[in-house]
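The values are calculated or read from the model by the stated rules, or taken from the named source; none is laboratory data. Note that the structure is a prediction, hence the values are computed from the model and not measured. Here the Cβ positions follow ideal geometry from the backbone for every residue, glycine too, while neighbour counts run over all protein chains shown. Calculation scope for accessible area: heavy atoms of the full protein, side chains included, ligands and nucleic acids excluded. Shrake-Rupley method; radii C 1.70, N 1.55, O 1.52, S 1.80 Å.
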Amino acid sequence: MPSDRWVRKMKKARIIGLAAFLAAVQLATGCAAGKEENCQSPAAGKETDLESPAAGKETDHEELVDGRETGSKSPADKKEGDSQVASQDEMAEAKEVLEEGMVPIEGMELKDGIYEVTVDSSSSMFRITRCSLTVSEGKMTAVMTMGGTGYLKVFLGTGEEAVNAMESDYIPFAENENGEHTFEIPVAALDAEIACTAFSKNKEKWYDRTLVFRADSLPLIAFADGTAVTAETLGLADGQYLIDAELKGGSGKAGVESPALLRIENGQAYATIVFSSPNYDYMKIGEEKYLPVNTEGNSSFEIPVSGFDRDLSVIADTIAMSEPHEITYALRFDSSSIKKAEE
């Protein structure tokens, strides 16, 4: 049986062994922890270093992209996004204002004076309600009264040209006694297209327009001697004739009989206009109103003819719609077709 001394030695050995084991475990644990820390630290540093450059690179890339998109657009982007010239998509649909058969009339073909003139605009957003034409020594200027106050200045040319023009080349608006915006512009010729661009107050962009100052809206006395073809200049004797007539304007569905009856009395010409419809109840030339000369059949009117071979502006009131509606037409009489009517 083991002695007490031997038992005590064994216990001591166990205690020492256990202590050694525990110390070894602690040392191993501490080392492992230290190793993990050392491994994690470089790894974490390396990962951080990798993230940092990567994040830096990504940030630089985003700033570059943002710079291109918002701060410093390419020329192409600037032209499309920041242009001061309105694109076709931004403008109302344009209409043709130069009519077939129009021949330019310059200032030298008119007598000096001030006349009311009709101006056709290619855009419904650039509406001229009144226009006064001044003719002086062969030069023409017009004061256009606008239907609104949305435009601050105009330029004779295109928007692209206006952007590169000098401020002195622009024509600013003037305000009349009624608070309406007016623009005074030179007119090279009547019955000819005039390129015009207008700067919008709200959009801050140039909008291209085309204008035509209509010669047929002027009174016959405005034309210089020898420039208008009349019954007098043609030497037509009093009597009845036939003349080819053409009606333009409106929806294009209406027409008039041709040839039309032409009556000359005391050097003044009168034409009988027979419409292709019975639904017209009066015609107007300027402020003068003309009533039908018949009670049955298609609407017929006798109107004065101030001149031949040019468009004459007339208004005919139709009752074919739900409400009476005045329609502006142009009548043209061909002097070369005049022949004596059969008695």
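Summary of computed values
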{"item": "Whole-Å semi-axes of the ellipsoid equivalent to the stretch 132-280 (Cα gyration tensor, √5λ, descending)", "result": "41, 20, 14"}
{"item": "Calculated FRET value between residue 180 and residue 322, using beta carbons and R₀ = 22 Å, to 0.05", "result": "0.10"}
{"item": "Kirkwood Rh and Cα Rg combined as Rg/Rh, the stretch 93-148", "result": "1.01"}
{"item": "Length added when fully stretched, residue 265-residue 200, from 0.36 nm per residue minus Cα-Cα", "result": "18.1 nm"}
{"item": "Per-selection metrics, the stretch 230-317 (Cα): Rg and Dmax in Å", "result": "12.9, 37"}
{"item": "GluC sites (Glu not before Pro) lying in DSSP loop within the stretch 180-241, provided at most 13 other Cβ fall within 10 Å", "result": "204"}
{"item": "Projected label distance in nm at residue 167 and residue 130, using a 7 Å step from Cα toward the beta-carbon", "result": "3.2 nm"}
{"item": "Extension gain, residue 220 back to residue 276 (0.36 nm per residue minus Cα-Cα distance, nm)", "result": "17.4 nm"}
{"item": "Mean accessible surface per residue for the stretch 223-343, computed with a 1.4 Å probe while every protein chain stays in place, in Å²", "result": "54 Å²"}
{"item": "Convex hull volume per residue for the stretch 191-343, taking Cα atoms only, in Å³", "result": "160 Å³"}
{"item": "Accessible surface of the stretch 232-337, 1.4 Å probe, proportion on carbon and sulfur as whole %", "result": "47 percent"}
{"item": "Exceeding the 19 Å Cα-Cα cut-off - candidates 95/248; 153/203; 95/153; 111/339; 111/139; 248/284", "result": "95/153; 111/339"}
{"item": "Extended-chain gain in nm, criterion 0.36 nm per residue less alpha-carbon gap, residue 238 and residue 87", "result": "48.6 nm"}
{"item": "Label-point separation in nm, residue 337 to residue 287, each point 7 Å along Cα→Cβ", "result": "3.3 nm"}
{"item": "Low-density loop cleavage sites - trypsin sites (Lys or Arg not before Pro) in the stretch 230-336, where at most 10 other Cβ are within 10 Å (DSSP)", "result": "253"}
{"item": "Accessible carbon and sulfur surface of the stretch 156-209 relative to its total accessible area, %, 1.4 Å", "result": "46 percent"}
